[in-house]
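Beneath this line is the structure, given in C-alpha cells, with notes to follow.
The values are calculated or read from the model by the stated rules, or taken from the named source; none is laboratory data. The structure displayed is predicted, hence computed values, not measured ones. In this analysis, Cβ positions are derived from the backbone assuming ideal geometry, glycine residues included, and neighbour counts consider all displayed protein chains.
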C-alpha cells in the first residue's frame, strides 16, 4: 500500500501517517519525491480498515493498493512515463537517445577519438568503463580514476554527458564526481548495498538487468534504488543467459514491452552485450527501437581488433555512423524521433 | 564438401562423381535442385586430393568446402537469398509477408470470419491448426481433416494460401493435399523422420525452432529437409525456453540476423508464441521486421477469451488491423515493403 | 476427476458412468487396467454434484478428484509405487536395476562383447540403439532392423532383456517385435502421436525427459501413454539443457525425489547423457541411486575412442565393472539392493 | 604460467623472477602461500624461451604451464586436495562435514535452540544469516551485528564454528570478527571487489556458485580470492537457474565431479536452496555425498512455517536428525565417514 501525501504536507501530517500505520502493527518506508512525500506501507495482508483510516488523515492525497511486489516503480503506482534528465539529454520522452563509446577507456587518444566520432554520428552520451568487472583476475580491469578523468576531458571537448560503471558502494562518491549517469552492471544487479548507495546519490542511475534475473526481480532491484529517494532510474536490457552458444547472450527484447506494461521507468537496450557479435548489432539496434525502447547503449571502438575488452562486439565508428540514419527512420516509423540525427524525410532504397 | 554439377550434367557424369568419391572411401548424398544436381560428400577429414580429383571430372562446375556442420543450407554454399513461393506469395524477397489466423480451427464461422478480417487488414496467408500437439491429453486437439477442409474453404473464399501443422510422417500426404505451406511445430523440430517425410513432399515447409534448439541444430534440422531435395524451407523463430516466467517463451530475435548471416534460407517470426501475451505482440511484430525478418506469423482470434487454445496470446482482428500500418511504416524504414498494405507515405504522430 | 470401478464391474456399469457424465456435459476417457477399469472425467470445473452422482452408481468403487493436470500417473490417484516387469526383471521395487550397453549397435562382435561384459559386471538389461536420432543428417543413424536382430542375438546368448529406441509410430510394431522395453528418446518426449502408439503396444515403455521439458510436462507426456491403457511406463531423467557448457547436459537429480512425490511411476537416471563425460559417470551413478532412483541406464562401449556415437560419455567395460560394487554399497546404504551384484557386506577403504 | 619458488626462496630471488618476466614484456601476480611463494605470469601467448629462462633462475622449484583460464585453483597447478581448517573442523579430507542452521538468525531462543538440536544430530558447524540479501526491499533483511552476536553466543554454548554471509567489502572486518567461515552468497559470486576483500582476510571463505555462473567462471571467481593470498576457499553448489519451475533452483550435482576434476578446492552442496522444497532435501543430501561432496550446508528451523525467510525449504530438527544416520551410511558406502555421527555398522531395513 502506498500513501501519497499532498504537495504541501507538513512533517506532522507525515508523522501522523507513520504513527497510524504503527498502531496497526505495520512498518513504513519513506520515499521523498521532488514534489511530494510518498509513504510505502510494508506488510501483508494489509487490512481495508487501515486504508480507510489513512484516507481520513489530513495531508493525505491518495492511498493506493499495489498488487505487485514492487511498489514505487510499478505503473499501478504512477501511470505516466518517468522522464530522466541527464544534463541536457532527456530520456523517456518522445526522443530516442543513443549512448555510444568503447567498452573500456584505454587512453586519451582512444576515448577522444571515439567521442568525436560518435557525436558526429548522432550519439547523445558517451559510455566508457573506468572500473571494469572481469571474469578473470588476469584481464584488464580499467584505468580507474584516470579513466574517469579522461571521460571528463572527452565531455569537456564534445559536450556529451558521460555514463560509466560503479562497482562498489565505496566508489559511489568518486564515480559520481565525474559521471553524469551511474551504471550498475549486470553482475551487480542484485548487489543490494550498492543499489542503496546509488539510491542515496543525487545522480541518475542506469540499472542493467542481471544475466539470470527475471523481469520482476529486476524491477524489485530498481525498487531498492527508488526506495532511497532516487527516482531517476533507467533500466537497461542487455541479454540473458540461455543455452544458445552462437551469441554471447540472448537479447530479451520481450523485456521492452513487458517493462513498459509493468513500470513507469524508461528502458534502453544494449545490443552489444546482447549479441556479442558486432555484425548483429545494427539489426538489433533497429529492433530495439521498433519494440519501444527509449534508447540504446552501443559499444564503438576505433580499432575493435585491438580493443582491451569486448572487441568482438564493438562497432567501428564507420559502422556506427552507417546505421544511425536507418535508426532515425525506424524511430520515425514508430512515431518518435532520434535525438542527434536530423529527422529529414528518409529516402531509403531496398539496397540500403 | 559439395560438388555442384553443371546445369546440363548427365546421369553418367553424376555417377562418375559418386564412384570417384567411393574410391576415396567416402559417401555421397544427392540434392537434386530445380536446375542442377548438387552432390554432398560426407566424411571428415576430406583430403585436398579428393577435391582436386573431383574438379577434373566432366560436368562438375564447382567443388566447395563447407566448414559448417550444415552444408546445403549454409550461406557458404549458396551466397544469395533463397526465395520461397507459396501460390502467389513470395517470401524471402523485398516484401515482408504476414501470416495470420487462429491457433486452432474451431468451426466454420470462426475460421471464415477470421480469414476475412486478416485479409482485409493486409495478411497474405491464413494460419490455423487442424492437428494440434497439446501438452495434456485432456485438451482440445483440433478438428483433424475436418479442420483442413474448413481451411480450404476459407482459402477458396479469400484467396489466402493456408499454412497448417503436420504432426507425423503418416499425415504428410493428407495435410499436403490441403495445405500450401506445411508447418513443422517446435516440438517436432528434431523429429528427423518427419523432417525427411516433408523433405520428400512437393510443398514448401515452415520449420519452427524447438524450445531448446540451438541455431546450429535448427539449421541442421533444415538440412534434413533440404537433403531430401526440398529446398523450399522457411525458418520460424518462435521463442526459446528460459528462466523468465513473465513471458511464455523468450523470443530470440538475435536469431534473425544470426540466420541471415549463416544461411540463405528466409526467416519469419512468431511473436504470439514468442511472448504468450497479446498486449506484447504488436511491439514484437515491429521489432521482428526491424531486425530483418522476412515475415511474421501471428495468432488472431475473433474472440480470444473463448478460444479453445492460446487465447491469452491472440490478437483481436481490431488489434491486428491497428498494428498493420505501423508495420508497413517499419518495413519501409528498413528499405522493404509490407505485402498487402499500401505503401503510401505514413504520417504517424507521436500519439500513435 | 477419476472414477475407479470395482474389479468385477460390468460393461453396463461402465457405460452407465459414461452416460451420467455425458448428461452433465463432460467427456470421459477410459483407462482399462489389468484388474479394474478407471474412467477419467475430463473438464473443468467439475461440480460436486457430479461427484456425488457418480459415487451412487453401481460398480463404482471410488471417485477421486485430482488436482494436478496429469491424472492417471499422479500419486494422488494411486498412492503406491508402480512396479514394472520386463521379462524376469522387476523395476520399481526394492532392487535397483542397471541397464547398460553401447549407444549404437555397430556390429555383432561389438554388441555381443559388450553384452557379456556388462552382464558379468551385474547389469540386468542391455541397451543399444538400432534407430538413432542424430542432430546432423550426415552422422551414423544406426543399423535399423539389422541392429534389432543383433540385439536379439545378444539377448539369446546372455539372457539380458533388451531396450532400444523407437523413433516413429510406424516403427512401433517392428521394434516391439524385438525389444523388451521400448525407449522414447528425449527429442520425442512430446511427440504425442508416438506416445499414443506405444500406449497401444503391449510392451513397457521407457520415457526419457525432453531437454527443455518441465517435470509437470513430462508427467503429462507419460499420461498420454497411460491414457491409452499401457500402465507400464518407466521415466528416465537424462539431463536438461542449461547455460552450462562444461557438461553436455545438466543432470537434474532433483527430478528423482520430485517424481517420487508427484507420481507412482518408477524413475531411472541416465548419467551418460546427463554429463556427456565418461569420467563423471561413476559419481553420478552413485548419486542417482542415493537420491532414490529405481535404476540406471549407462553407456558402455568396448572401445569408446572408436565408437560411432557418444564415445566421450561411454564407460569401458573395466570402468563399468569397477563402479558396480560401489553402487551396491550405496544401494545398501539407502536400504535397497542392487540387482545382479551380490549384497555381501562391503569393506570399502577410503582409497576406493 | 606459474612459477613455484622453493620453500626458502629469498626476496631477491623472487624479485629476479619478476624482473626476468618484465624483460619479456609480461606481468606477474604474487600468490604468497603458507610455505612458498607462487608467482603467476600473466599474458598470452607466453613463449617457451621464457619458461626456460625462468627455470634456470636460483630459488625456482618449478615452472608450470596452466592451460586453463584459472591458474592457482586448477588441479593442473596443485594435484592434491586442498584441506580447509575451520577451528577444529577439517573440510576436504576423508570426513564429510555437515553445516546446519536457520536461513536467518531471528532471535536468541531460535538460534540457540537450533544450534543445540543440529549439534545433537551431528552437525559440525552452525549457519545463520545476519545480513541477508533479499529480492525485495520490503522483506526481512537480518538482524545485522546483533545477529552476529547471537551466533557467537551459540558458538560459545555449543562449540560449533559459525558461518555467515558477508555482503560487502565494507563489512568484511566486522563479519570476520565473529564468523569462522565467511560466506559469499550466490548473488555476489562475481562481485570481484568483495572477492578480493575476503581474499585479504585471514579467514576461510565459502564461495557459493551464482545462479547463472558456469563452472569455469566460478573457478575464476575463486581465483580472485586465492590470487590475494587466501587459499582457504570452499566452493558451494546451490543450484542454478533453469526453465524448471517445480523446484526453486536446479541443483547441479554434476558440479561435484566436475570441480573435483578441474580443481583442488573442496566442494560442498546446499540442497535447501538447490531444491527449495524441504521434502526433497534429504534425498539430495544423500545424493550430494554419493557424488563426492566434501560436505553439506542445510537449512534447519525449529518452526519452518513461521520462519522469517526460506521456511518452505527448511527441515525441522526432527527431520534433520532422521536423515543423519542415513547420510553416515552413504558416506561409509563411498569410503568416507560423516563427522559427528558414530560410524557404527548401520542396520538399515528397506522400510527406512
- Tell me which residues, restricted to the stretch D:317-333, are touching a residue at least 24 places away in the same chain (Cβ under 8 Å) and under 26 Å from residue D:108 (Cβ atoms). D:317, D:319, D:320, D:321, D:324
- Message: Quick check on the stretch B:100-115. Is at least one of its residues surrounded by fewer than 21 Cβ atoms within 10 Å (Cβ to Cβ), within 14 Å of chain C (Cβ to nearest Cβ) and out of contact with any strand residue (DSSP E or B) (no Cβ under 8 Å at 6 or more places or on another chain)?
- Response: no
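With respect to residue C:212, is the statement that it is within 14 Å of chain B (Cβ to nearest Cβ) and in contact (Cβ under 8 Å) with a residue 60 or more places away in the chain true?
no
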- Is at least one residue of the stretch B:251-273 at negative phi and more than 17 Å from the chain's Cα centre (by Cα)? no
- Sole miss for residue A:147 among (1) part of a loop (DSSP other than H, G, I, E, B); (2) out of contact with any helix residue (DSSP H, G or I) (no Cβ under 7 Å at 6 or more places or on another chain); (3) under 28 Å from residue A:221 (Cα atoms) is condition (1)
- Residue among A:17, A:41 that alone is at pLDDT 95 or above, touching a helix residue (DSSP H, G or I) at 6+ places or on another chain (Cβ under 7 Å) and over 23 Å from residue A:260 (Cα atoms): A:17
- Query: For the stretch C:176-213, what are the residues that are over 11 Å from the mean Cα position of the chain (by Cα) and either farther than 24 Å from residue B:131 by Cβ or not assigned by TED's automatic domain parsing to the domain that holds residue C:91 (or both)?
  - Reply: C:176, C:177, C:178, C:179, C:180, C:202, C:203
- Message: It is to be established whether one or more residues within the stretch C:335-348 are crowded, with 21+ Cβ neighbours inside 10 Å and within 12 Å of chain D (Cβ to nearest Cβ).
- Response: yes
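Which residue out of D:258, D:291 is free of Cβ contacts under 8 Å to residues at least 40 places away in the same chain, within 30 Å of residue D:76 (Cβ to Cβ) and at the interface with chain C (Cβ under 7 Å from one of its Cβ atoms)?
Testing whether each residue is free of Cβ contacts under 8 Å to residues at least 40 places away in the same chain, within 30 Å of residue D:76 (Cβ to Cβ) and at the interface with chain C (Cβ under 7 Å from one of its Cβ atoms) leaves just D:291.
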- Task: Answer with yes or no whether residue D:298 is outside any loop (DSSP other than H, G, I, E, B), more than 8 Å from every other protein chain (Cβ to nearest Cβ) and either modelled with pLDDT under 95 or at negative phi (or both).
- Result: yes
- Query: Taking the stated definitions as given, is residue D:194 touching a helix residue (DSSP H, G or I) at 6+ places or on another chain (Cβ under 6 Å), in a helix (DSSP H, G or I) and buried (at least 24 other Cβ atoms within 10 Å of the Cβ)?
  - Reply: yes
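Restricting to the stretch D:188-209, what's the tally of residues that are closer than 24 Å to residue A:184 by Cβ and more than 10 Å from chain A (Cβ to nearest Cβ)? Step through it out loud before you land on a result.
Residues of the stretch D:188-209 closer than 24 Å to residue A:184 by Cβ: D:188-199, D:207-209.
Those left that are additionally more than 10 Å from chain A (Cβ to nearest Cβ): D:198, D:207-209.
Matching residues across the stretch D:188-209 total 4.
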- Message: I need a count of the residues in the stretch D:170-186 that are in contact (Cβ under 8 Å) with a residue 12 or more places away in the chain, surrounded by fewer than 23 Cβ atoms within 10 Å (Cβ to Cβ) and within 12 Å of chain A (Cβ to nearest Cβ).
- Response: 2
- In the stretch D:60-82, what residues are at pLDDT 90 or above and within 14 Å of chain C (Cβ to nearest Cβ)? D:70, D:74, D:81
- When only residues in the stretch A:215-255 that are free of Cβ contacts under 8 Å to residues at least 12 places away in the same chain and touching a strand residue (DSSP E or B) at 6+ places or on another chain (Cβ under 7 Å) count, which is nearest to residue A:93 (Cα to Cα)? A:254
- Reported set for the stretch C:122-146 where residues are free of Cβ contacts under 8 Å to residues at least 40 places away in the same chain, crowded, with 20+ Cβ neighbours inside 10 Å and farther than 20 Å from residue B:28 by Cα is C:126, C:128
